[in-house]
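Beneath this line is the structure, given in structure tokens, with notes to follow.
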Amino acid sequence: MLAGVCSAQKVPTQELIQMARSRTAGLEQALRDTLGSDNIQKGTAAAGEMGEFVWAVASEKGPSLQINDEAPIPAFKSGSIWVVQSRLRTGAAYKYTWIADGKPIGGANNLPAFGPDSYAKPGVPQGKLTGPIEVPSKIYPDVKANVWFYVPAQWDSVTPLAVQIWGDGQNFTGPRPAQWRVLETLDNLTAQKRIPLMVNIFVQPGTGPERNQRSIEYDVVSDAYAHRLLDEILPVVAKTVRMRTDGYSRAIQGLSSGGIMAFNAAFDKPNEFSRVLSWIGSYTALQRSAAHPEGGGEYPTMVRRETKRNIRVWLQDGSADLDNAAGNWPAANIGMANALKFKGYDYHFSFGVGEHNNAHGATELPEALTWLWRDYDPAKTSQEFLQDPAEKDQPAWRVVQLNRK
């Protein structure tokens, strides 16, 4: 669901956009019925599909809509409200601000613009989702977690599949179309042969006696959670699905604390996990220990100083991400990107304007997975991941002061 959009839309999004494009009579009521009068009053009403969007706001004076830092777009009036209809580049998330009389009167961040590969397409086979399966743990006593696995429709039930693990997996297994469109993306990329046939394993953080079990599993810099996956989660899925066991054929994904979890697993065990997708990763001091007094905040220095691991890493973060006692998320992710670049890793850094939110990562998922699995050869069990020569010629990532005079 897009920011500010009610779950019970009265008018389909494409029809609403067409009404705005042609300024059809009845547009105001359709917008109120669909986006909600409260959201229109607050300036958080927006709806979009395939890159086409419509926004609405209540204002006494004629406002303009600014997308990120672009030139403001003048609104047109429909009844008693103001409307903008425009197109956004897909595969990204956006901040928008309504401006009237030189002052902001509303807006929001993390507006996702999904591209065509994030939507279900006619004729594309859908994979099969199994779960939830409750998996107890001995590594974390008295803890259990729900697990789902998704196999492609093209699988012959015999050939061992590549493996992709998702932290916070409960977020991606809901009814279609799910909010972040992960299953739709997997189906499309599989049909296009942009990713190999693989089993996607969605793992929910454990529940147990500790209230912060997710942080204990994800943020602690150790090999404990990697062993949870390797020794307790994967064997359960292996009872049903034949899987590849080489690290070359395994990817791991996470968001926020799950982002550092994914990187930690690969950095610690590159022979088990060689491909990392990290959204809004928490490379900060959320969990400290005697071995790592600053927790995940030590990772940029560790990457620079320790032996280079043979892994491939996609990082994503936003300039409006968190800043608290544990650290500054944008600075930490920029530090990680520069460390990976300095050490010669095969990495990609995607940096937008978003907050601590899935939207940007989800919209660029088709690109990210294609990049992560590019040149995969099922006949191989290993590959040396080399930094793109073009990346070597690029300057290090830097921060430019934009939010202060």
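The values are calculated or read from the model by the stated rules, or taken from the named source; none is laboratory data. Please read all numbers here as calculations on a predicted model, not as lab measurements. Because the Cβ atoms are built from the backbone with ideal geometry, glycine has one as well, and the counts that use them run over all protein chains shown. Keep in mind that these areas ignore ligands, DNA and RNA; they rest on the heavy atoms of the full protein, side chains included. Shrake-Rupley method; radii C 1.70, N 1.55, O 1.52, S 1.80 Å.
Over the chain, DSSP H runs of length four or greater, each weighted -39,500 (n - 2.57), average out per residue to a 222 nm ellipticity of -6500 deg cm²/dmol. If R0 is 45 Å, the Cβ-Cβ spacing of GLN126 and LYS61 corresponds to a FRET efficiency of close to 0.40.
For the pair ASP246 and GLU391, the difference between a 0.36 nm per residue extended length and the Cα-Cα distance amounts to 49.4 nm. Would you list, by chain and number, the lysines whose Cα falls below 20 Å from the Cα of LYS77, excluding same-chain residues fewer than 8 positions away? Excluding near neighbours in sequence, the set is LYS42, LYS61, LYS103. Can you tell me which aspartates and glutamates have their Cα less than 20 Å from the Cα of LYS95? Leave out same-chain residues fewer than eight positions away. Qualifying aspartates and glutamates at Cα under 20 Å: ASP38, GLU49, GLU52, ASP69, GLU70, ASP317, ASP321, ASP323, GLU355, GLU364. Leaving out ligands, DNA and RNA, and with a 1.4 Å probe, what % of the accessible surface on the chain is carbon or sulfur? Carbon and sulfur together cover 50 percent of it. Taking the square roots of five times each eigenvalue of the Cα gyration tensor of the chain, the equivalent ellipsoid has semi-axes of 38, 25, 20 Å, listed largest first. For the chain, the longest principal axis of the C-alpha atoms and the axis of helix 329-343 are separated by about 50°. Label positions at THR370 and GLU70, each projected 7 Å from the Cα along the C-beta direction, are separated by 2.1 nm.
Overall shape: rounded for region 1-102, with the ratio a/c of the largest to smallest alpha carbon gyration tensor axis below 1.5. Taking each of LYS10/LYS121; LYS269/LYS392; LYS121/LYS392; LYS144/LYS193; LYS138/LYS269 in turn, the alpha-carbon distance tops 32 angstrom for LYS121/LYS392; LYS144/LYS193. Counting only DSSP beta bridges with both residues in the chain, the antiparallel share comes to about 60 percent.
Computed with the Debye formula from one identical point scatterer per Cα of region 164-284, without solvent, the log10 of I(q)/I(0) at q = 0.09, 0.14 Å⁻¹ comes to -0.24, -0.59. Note that the chain presents 44 Å² accessible area per residue, ligands and nucleic acids not counted, probe 1.4 Å. Each peptide in 320-327, 191-198, 99-106, 274-281 was scored by the mean count of other Cβ atoms within 10 Å over its residues; highest first, the order is 274-281, 191-198, 320-327, 99-106. Between GLU384, GLU306, GLU217, the residue with the greatest mean-square fluctuation in the GNM of the chain (Cα pairs under 10 Å linked by springs) is GLU306.
Enumerate the residues in region 55-83 having an amide nitrogen under 18 Å from the point lying 7 Å beyond the Cα of LYS103 toward its Cβ. Only 57-66 fall inside the zone, counting backbone N under 18 Å. Under a Gaussian network description of the chain, with springs only between Cα atoms under 10 Å, the residue in PRO330, PRO160, PRO141 that fluctuates furthest is PRO141. Springs between Cα atoms under 10 Å define the GNM used for the chain, and in it the highest mean-square fluctuation of ASP187, ASP268, ASP317 occurs at ASP268. Label separation (ASP323 vs ARG89): 2.6 nm, computed from points 7 Å beyond Cα along the C-beta direction. For LYS392, the accessible area of its heavy atoms, probed at 1.4 Å with every protein chain present, is near 130 square angstrom.
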